[in-house]
Structures are given as structure tokens and as C-alpha cells.
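Participant: Have a look at this one.
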Amino acid sequence: MPGKNGNASPGTQVTFLEAIKQAMFEEMERDPAVVLIGEDVGVYGGAFKTSEGLLERFGWERVIDTPISESAIIGAACGMSYCGLRPICEMQFIDFIVCAFNQITNFVAKGHYLWNAPAPMVVRGPSGGGVHGGPFHSANPEMYFVHTPGLKVIYPSTPYDAKGLLKAAVRDNNPVLFFEHKFLYRRITGEVPAGDYTVPIGKAVVRREGKHLTIISYAAMMHTSLEAAEALAKEGIEAEVIDLRTLLPLDEETILNSLKKTNKCLVVHEDTKTGGIAGEITAILCEKAFGYLDGPLMRVTSLDTPVPYAPTLEEHFLPNAKKIFSAAKELARY
Amino acid sequence: MKKELTRQQYLDLYYYMRLNRAVEDMMVKLFRQNKIVGGLYSSLGQEAISVGTAYALEKKDWLAPMIRNIGALLVKGVRPRDVFMQHMAKYDSPTKGKDGTSHFGDLDDLHIVSPISMLGDLIPVMTGVAMAGRYLGQKTVAMTWIGDGGSSTGVFHEGLNFAAVQKAAFVLILENNLWAYSTPVRKQVPLENLADRAKAYGIDSYIVDGNDVLAVYSTAKEAVERARAGEGPILIEAKSFRRMGHAQHDPAEYVPKEMRAYWEARDPIALFEKFLTSEKLLDAKGKKEIEEQVDTLLTKEREFAENSPMPPPELAETGVYCTGDDCHKIRAKWERPIAEVTPPKSSVAAVWTVPGFGSGKGSGGGNAPIHFGDTQPAETKPTEAGKSTVKQTKVAPKKTGKAAPASTSRKARR
């Protein structure tokens, strides 16, 4: 098992959370320009313990506890990035990122386009539902930012990708938002290699090969989609499952190639339906691959409501394998 | 006005104020000729603030202007042509026509951060610039400006509070020009002095006559040096008046005539000229020389700006992302041993002090460790002898000696 400070022993199985911790640890070890800034990231090690041990290792100058001031966290990180540092900002829950919406969308995102000022910084935090966190601790706010040119948006689903993409994000010269689905933190484990590696930003991956239809998803719903795909296989329907990994820039090539093979597409996400990335993906497929379509472009998403608290309500709100299975079966009939 | 600078410094301040005004006068002409694409904002009557504060900075220091701080940009080394071309949306402008006004910066040479139109956002950003300067051992100071209007934003509070807990080397100039668009300051803030807001952040503040360039300069100089010495952020309220409307389109008829007359009689350039003449630092000949120097420069700069083309339409598609090292080589400029922040040497002591920082007067003359909940003095009352006395409740636990005594915190206001 990895050590307290996140050192990986060769090719170990780690949790999603441990992978993130390792990425931060290794990047801070590699480059003194990398600092961590956020609420309770120091002595406490972060609300989910993703930064546990970093203060002891790197000291208070590099692991910076802040007041409850999301705009100040983002703003200060932006200023640091202008001076050659590579700050990682932690939003205690990603829901709170909207408190810094103006800083991110107007200041951080537009700087390179307008005045040639790169802002190499990462904003990361726990997102997503399924843990009964209620309406303010379960959000999937990724699309506010996918709509903002100048940002990159990552939403991984496996420990390997989480670590490799977070390292790539730290080394990227642009502001990168990194969403960590908290349902995956301790429930998902996977192997990470011993050595340094990165996963390229902007590349989707085919998680399961199939010929009858394509299911496109990301983050926690990628696992739910795989579960549905296994159930579909028992009925003779082979679904191809694509994990987007990066939402901005979107890997159109992988999506189009899969559709050209299966001719049917279902997009699954935990974000709400209206304005979710499924709408964008289906529009791209209509524009660029209309002639290949053998069925309607379909969506399985959360309801267009806030995330409700009660388990019965939240389970109804969220997509699940059964809903994906039914939609895919319907699509397969075409 | 007090005499304490070198002759060249006096003349520099005068030159930059004249240049600031002449640049803006020329832009009014360009505006009337429809050569300016968007709005034009004036700092008429506030030149002493932009020039006096920026003149207190060293070359390595950082600033981020607001819309009425063209004077500060000129002092920092921005060419007038860049200001003209920004307003005219020309291809050779610093943003190549992608943004206008003073919305541009220079990270590599001049150390200028571009503002955005949302007010207050520069405060946490410049706090971060100051924190990075400290981390890298550069001993730099970061400065930005905010108006009376902008001081009511949430991010003003978040930024200044964070700067204060970080003891960032940050100087904030609060330019109180009495009007936020059409709303007078009394309808914005129920305070006589906006500098009082500093108290809430536990930082020092000054109040200065914003039309007296020497007072502005010497106050800013002191603040900059205190910030550089590690005393933490400092707020300067510069009191002045916005003589034009919010922008060119606004005749500002809501401003009382008496108020305008009062401030027009206190023109900062005229006041300084009077001082320079009485101190025999400037005579008619010297004044004419400076006028000609400004004229010649601006004629040339305007010509360059007018000859610059508009950007090609396709430029709109480019530059959203940095494409990597070929686009920007991002390198931190270390001026302290990297080993100090690298394991195993990195300090893990939870105090906000770096060698050379946090040892200034404002932090009690030494390091300022976190205290352990020991009761702080509730209030300080002057005795008849004029000395401070500390009132404490009887149940207060014995001081551990770890907290900085209240008497060492200094209120430096004029």
C-alpha cells in the first residue's frame, strides 16, 4: 500500500482518492513552483483528506490554508500563476466553485486570449451525488465552465486517469478545472504504475468494445454505464462504452469513430439534462455524422431539478444502470 | 507642500502628470473624430493619484491599473501609442484589438496585470502576485487601485482580508472620487473616511489629499516600503473628485455645481505648478520645454497609432489557449534558494513569517506567531498623560507572551 505521504510502491492498487493525493505529492516533489491553496488543506489535510501529509512534507509556504473566500483563492492563485507558479486550488466541495464564478470565467479564462497572459493553474474539488450530500454538496457544475472558452475541463473515472490527468493539468499552461467524483473516492480502486506518467488532456478512451450501439459517459456514470453494458450483453446487445475523461476540449474524433461503427448513440451523464454535455455531443453527431445514424440520439441524465437530499428522492433523480439499460434496449430496436 | 525630493523627482512627477493629461486630452479629440471604438473614461483631476502612487514603485514591483490610471501605466513605462491603439482597437495594440482601454498588461518586462471590468477582482489577484513575490524571494510589492464604488464589492473584502492574513506586500489605493457613475459616495458607504475599512482587516491605512501629488507620493512611498519590509498590506484612501462623467457619453448633470467648482479650483497640476514655481524648480522656460517635449512625443505616438491597421478578422479565432512552451515558456524567477521550499528543508512551522518578512513595525517588530486563544486587549484608551493603557477583564488568562502586544500595532494615518 502507498505510504502516508503518497509514495507509490510499484504498480500498486490505489483508491481514486489516493491517486489524486499521489499526483499532488509527486508534482510538488518534482516542481517547487507547484503550491496547494484552499480551505483546510494544511493541518487538516482537506475535508476528504486528499492533501493529508502534504503540509508535513512541503511546509506552510506551499500548502496554504485560506479563509472561506473562494474568489480570493482563485484570484490569488491566478496572481501566483502570472509569476511563474503553478498553483492547485482546492474547492472544499466543487459546489462552492460558483462563488468564484466571475474570477474563473472573466479573469482566469480570458487572460490568454485578451492580453497573452497564460494562467497555469488547476482548480480541483469533490463533485457529484449519490452520497446523500443534499443540494449544495452534490453538484455537477461542469457545464458552466465547458461553456467558457479558455478553460480546460477534466472529469476522470479511474484512479489511473485521475492521477495521470491531474499531473497533466498541473503541467498544462492553461487553467484546468478538475472534477473529482466523490462517490468514486473510496469505492473505486485501480492500478497505477510506479513511475511518472501523464494522461493526455482532450483524449477520450473506449472502455468497452461493442458493435450495436455506443454509450458515451464520464465520471461515476461511466461505471454505471459499464454495468448496464454487461446486462445488455446478456441480452445479446454489445454496447461500446466511451469514457470522455476530458469535457473541454472534447475528443470529437473518438466519438465520431465509434458512432460510424455502431450507428447508434446514447449519452449518459449525472449532470442535469438541459444544457448538459449530451446536448452538445448529439449536436456534433448531427452536424458531422448525420448520414451514419440508424436511430435517435438518446440521453439518460439526472432530472432537471436541484439534487434532492432524501435517499429515495436522490435515487429517483440520478441515472442508474436500469435506466441506462432500458434506454439502450429501446435504441437497439432501431 | 513640503520640499524633500530631488529636483529631477519633482520634474518627473510634473512631467508624468502633464503627459497623463495630454494623452487623455488627445484621446478626447480622437473620440470626437470617431476614432475611438468604444467608451472613453477620464481621469481629469485625478492625475496626481495615478502618477504619485506609481512613482513610488520600483521597476521590479507589480501594478494593476483601473480604468482611470493611465498615468500609472505611463510612469511604469507604457508608451502613449499603446494607450491610443488600445482605445482605437488597432492591430499593433498590446491586445491586438481584442480588448480596449487600459485592459492590457505585461508579465515579462513592465510587471503590469491587466484589469477586467468587474471591480475588485484585482485585489485577490494582486495579493497572489505579492505572495508569489515573497515565495520566490523577490521582495516585490504589488499595487492596485479601487474606487469608492468598487470598494463595496464582495471580492474587495475577500481579497483584502486574505492579503491581511497572509501579510502580503500589497498596497491598495482607494481612489475616492466621490462618485460611482451617478451614485454619490454617501449613498454607497455610511463612512466619512473609506480608509476606516482597513480597521476591519487589522491593517494600517492612510488618508491623503489626492490632488496633492507630493503628499500622494510620499504616503505611497512610505506604504510601499512598509509593505516591502513585511508589515503586510496597507490601504491608502486618496480623496479627490471625478471631474468628467463616468465616461464620455455622460454629462454628469447630477453633480452639484458648487462641488465641481470647488474641485476645479484645486486642479492637481495647477497646484503642483504653483509649488514648483514658488520653490524655483520650474520657470516659464522649463515649463515650455516640458510642454514641447510632451507635444512632440504625442504627435509621433498618435501618428503611429493612426497608421496601425485594424486587426484581420481571422485573428478573432486565435489565442484562446496557450499551446505550450512554443507559446509561453513559464519559468518562476527564483531569488532565494529553492532548497528552502523543498523537502527536507521546507519550513513546516505554522507561522506566517519568512526571513526578511513579517518583521516590520506593523507586526510588532518581530515574528508574529499564532496565539493560542489568549484574550486580546479589548480596547485602548489614552490616559491624561497621553500614554496608552490596556483594559483587560479580570478573568483574562495570563498572557503567554506569544501574542504581539497591542501597543506595538501602529496606526499611521494622516
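The values are calculated or read from the model by the stated rules, or taken from the named source; none is laboratory data. If you're wondering where the values come from, they're calculated on a predicted model, not measured in any experiment. Every residue, glycine as well, gets a Cβ built from its backbone with ideal geometry; the counts of neighbours run over all protein chains shown.
Participant: Looking only at residues that are acidic (D, E) and surrounded by 13 or more Cβ atoms within 10 Å (Cβ to Cβ) in the stretch B:240-274, which one is nearest to B:I173 (Cα to Cα)?
Facilitator: Looking only at the stretch B:240-274, we keep the residues that are acidic (D, E), and these are B:250, B:253, B:258, B:264, B:267, B:273.
Okay, now just the ones that are also surrounded by 13 or more Cβ atoms within 10 Å (Cβ to Cβ), so B:250, B:264, B:267, B:273.
Values: B:D250: 25, B:E264: 22, B:D267: 20, B:E273: 24 Å.
Out of the qualifying residues, it is B:D267.
Participant: For the stretch A:208-223, indicate whether the set of residues that are away from chain B (no Cβ under 14 Å), of a type in the set (K, R), under 28 Å from A:R86 (Cβ atoms) and touching a strand residue (DSSP E or B) at 6+ places or on another chain (Cβ under 8 Å) is non-empty. Working first, answer last.
Facilitator: Looking only at the stretch A:208-223, we keep the residues that are away from chain B (no Cβ under 14 Å), and these are A:208-223.
Narrowing further to those that are of a type in the set (K, R): A:208, A:211.
With the extra rule that they be under 28 Å from A:R86 (Cβ atoms), the set shrinks to none.
Within the stretch A:208-223 (the criterion being away from chain B (no Cβ under 14 Å), of a type in the set (K, R), under 28 Å from A:R86 (Cβ atoms) and touching a strand residue (DSSP E or B) at 6+ places or on another chain (Cβ under 8 Å)), the answer is no, since none of the residues qualifies.
Participant: Can you pull out every residue in the stretch A:260-317 that is outside any helix (DSSP H, G or I) and among the aliphatic types (A, V, I, L, M)?
Facilitator: Of all residues in the stretch A:260-317, those outside any helix (DSSP H, G or I) come to A:263-276, A:293-310.
Matches in the stretch A:260-317: A:L266, A:V267, A:V268, A:L293, A:L297, A:M298, A:V300, A:L303, A:V307, A:A310.
Participant: Right, here's the next one. Is it the case, given these coordinates, that B:I116 is without any contact (Cβ under 8 Å) to a residue 40 or more places away in the chain and either within 10 Å of chain A (Cβ to nearest Cβ) or in a helix (DSSP H, G or I) (or both)?
Facilitator: Values: without any contact (Cβ under 8 Å) to a residue 40 or more places away in the chain: yes; either within 10 Å of chain A (Cβ to nearest Cβ) or in a helix (DSSP H, G or I) (or both): yes.
Judged against the criteria, B:I116 is a match.
Participant: Please work out if A:T50 is of a type in the set (S, T, Y) and either more than 18 Å from the chain's Cα centre (by Cα) or facing chain B (nearest Cβ under 7 Å) (or both). Please lay out each step first, then the result.
Facilitator: Numbers: of a type in the set (S, T, Y): yes; either more than 18 Å from the chain's Cα centre (by Cα) or facing chain B (nearest Cβ under 7 Å) (or both): no.
Taking the combined requirement at face value, the residue does not satisfy it.
Participant: Based on what the data block shows, is B:R226 in contact (Cβ under 8 Å) with a residue 60 or more places away in the chain and within 20 Å of B:G71 (Cα to Cα)?
Facilitator: On the way: in contact (Cβ under 8 Å) with a residue 60 or more places away in the chain: yes; within 20 Å of B:G71 (Cα to Cα): no.
No.
Participant: Please enumerate the residues belonging to the stretch B:20-44 that are out of contact with any Asp or Glu (no Cβ under 9 Å at 6 or more places or on another chain), touching a residue at least 24 places away in the same chain (Cβ under 8 Å) and in a helix (DSSP H, G or I).
Facilitator: Result: B:M27, B:V28, B:F31.
Participant: Taking the stretch A:241-264 only, how many residues are buried (at least 17 other Cβ atoms within 10 Å of the Cβ) and closer than 18 Å to A:A219 by Cβ?
Facilitator: The qualifying residues number 12.
Here's the yes/no breakdown for (1) among the hydrophobic types (A, V, I, L, M, F, W, C); (2) at pLDDT 95 or above; (3) touching a Leu at 6+ places or on another chain (Cβ under 6 Å):
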{"residue": "A:G11", "(1), (2), (3)": "no, no, no"}
{"residue": "A:E18", "(1), (2), (3)": "no, yes, no"}
{"residue": "A:A33", "(1), (2), (3)": "yes, yes, yes"}
{"residue": "A:E61", "(1), (2), (3)": "no, no, no"}
{"residue": "A:P67", "(1), (2), (3)": "no, yes, no"}
{"residue": "A:I73", "(1), (2), (3)": "yes, yes, no"}
{"residue": "A:E90", "(1), (2), (3)": "no, yes, no"}
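Participant: Out of curiosity, is B:G154 within 14 Å of chain A (Cβ to nearest Cβ) and surrounded by fewer than 21 Cβ atoms within 10 Å (Cβ to Cβ)? Let's see the steps before the verdict.
Facilitator: On the way: within 14 Å of chain A (Cβ to nearest Cβ): yes; surrounded by fewer than 21 Cβ atoms within 10 Å (Cβ to Cβ): yes.
Spelling it out, B:G154 is indeed within 14 Å of chain A (Cβ to nearest Cβ) and surrounded by fewer than 21 Cβ atoms within 10 Å (Cβ to Cβ).
Participant: Given the conditions (1) among the acidic types (D, E); (2) at the interface with chain A (Cβ under 10 Å from one of its Cβ atoms); (3) surrounded by fewer than 22 Cβ atoms within 10 Å (Cβ to Cβ), report the number of the one that B:D109 does not fulfil.
Facilitator: Tallying (1) among the acidic types (D, E); (2) at the interface with chain A (Cβ under 10 Å from one of its Cβ atoms); (3) surrounded by fewer than 22 Cβ atoms within 10 Å (Cβ to Cβ), B:D109 fails exactly one: (2).
Participant: Ok, one more. How many residues are facing chain A (nearest Cβ under 7 Å) and either outside any loop (DSSP other than H, G, I, E, B) or loosely packed, with under 13 Cβ neighbours inside 10 Å (or both) if we restrict to the stretch B:314-332?
Facilitator: 1
Participant: Give the residue that is surrounded by the fewest Cβ atoms within 10 Å (Cβ to Cβ), with candidates limited to residues of the stretch B:335-349 that are more than 8 Å from every other protein chain (Cβ to nearest Cβ) and of a type outside the set (G, A, S). Lay out the reasoning, then the answer.
Facilitator: Of all residues in the stretch B:335-349, those more than 8 Å from every other protein chain (Cβ to nearest Cβ) come to B:335-337, B:339-340, B:344-345.
After this cut, where a residue has to be of a type outside the set (G, A, S) as well, the list is B:335-337, B:340, B:344-345.
On the way: B:E335: 12, B:R336: 16, B:P337: 10, B:E340: 17, B:P344: 8, B:K345: 11.
Per the stated criteria, the residue is B:P344.
Participant: Additional query: Report, ordered by the first and then the second residue, all pairs with beta carbons closer than 7 Å, sequence separation of six or more or different chains, a first member in the stretch B:154-174 that is without any contact (Cβ under 8 Å) to a residue 40 or more places away in the chain, and a second member that is surrounded by fewer than 24 Cβ atoms within 10 Å (Cβ to Cβ) and small (G, A, S).
Facilitator: Final answer for the pair search is B:F156/B:G150; B:E158/A:S69; B:F162/A:S69.
Participant: Give the residues of the stretch A:323-334 that are closer than 17 Å to A:A220 by Cβ and either crowded, with 19+ Cβ neighbours inside 10 Å or in contact (Cβ under 8 Å) with a residue 60 or more places away in the chain (or both), sorted by residue number.
Facilitator: Just the residues of the stretch A:323-334 that are closer than 17 Å to A:A220 by Cβ, to begin with: A:323-325.
Within the stretch A:323-334, A:I324, A:F325 qualify.
Participant: Just give me the residues in the stretch B:158-179 being more than 14 Å from chain A (Cβ to nearest Cβ) and over 18 Å from the mean Cα position of the chain (by Cα), in sequence order.
Facilitator: Of everything in the stretch B:158-179, just one residue is more than 14 Å from chain A (Cβ to nearest Cβ) and over 18 Å from the mean Cα position of the chain (by Cα), namely B:W179.
Participant: Residues to consider are A:T189, A:T224; find the one that is touching a residue at least 24 places away in the same chain (Cβ under 8 Å) and closer than 16 Å to A:L318 by Cβ. Can you show your working first?
Facilitator: Numbers: A:T189 fails: closer than 16 Å to A:L318 by Cβ.
The match here is A:T224.
Participant: For the stretch B:246-278, which residues satisfy the criterion of being among the basic types (K, R) and part of a loop (DSSP other than H, G, I, E, B)?
Facilitator: Initially, the stretch B:246-278 is screened for residues among the basic types (K, R), giving B:257, B:260, B:266, B:274.
Hit for the stretch B:246-278 is B:R266, nothing else.
Participant: Output the number of residues of the stretch B:1-19 satisfying the condition of being crowded, with 20+ Cβ neighbours inside 10 Å and free of Cβ contacts under 8 Å to residues at least 60 places away in the same chain. Give the steps one after another, and end with the answer.
Facilitator: Initially, the stretch B:1-19 is screened for residues crowded, with 20+ Cβ neighbours inside 10 Å, giving B:10, B:13-14, B:16-19.
Now drop any that are not free of Cβ contacts under 8 Å to residues at least 60 places away in the same chain, which leaves B:16.
Summing the residues that are crowded, with 20+ Cβ neighbours inside 10 Å and free of Cβ contacts under 8 Å to residues at least 60 places away in the same chain in the stretch B:1-19 gives 1.
Participant: With the requirement that a residue be more than 10 Å from chain B (Cβ to nearest Cβ) and within 27 Å of B:H328 (Cα to Cα), what does the stretch A:66-104 give you? Quick ask: steps written out before the conclusion?
Facilitator: Step one: list which residues in the stretch A:66-104 are more than 10 Å from chain B (Cβ to nearest Cβ), which gives A:88-98, A:101, A:104.
Correct list: A:I88, A:C89, A:E90, A:F101, A:I104.
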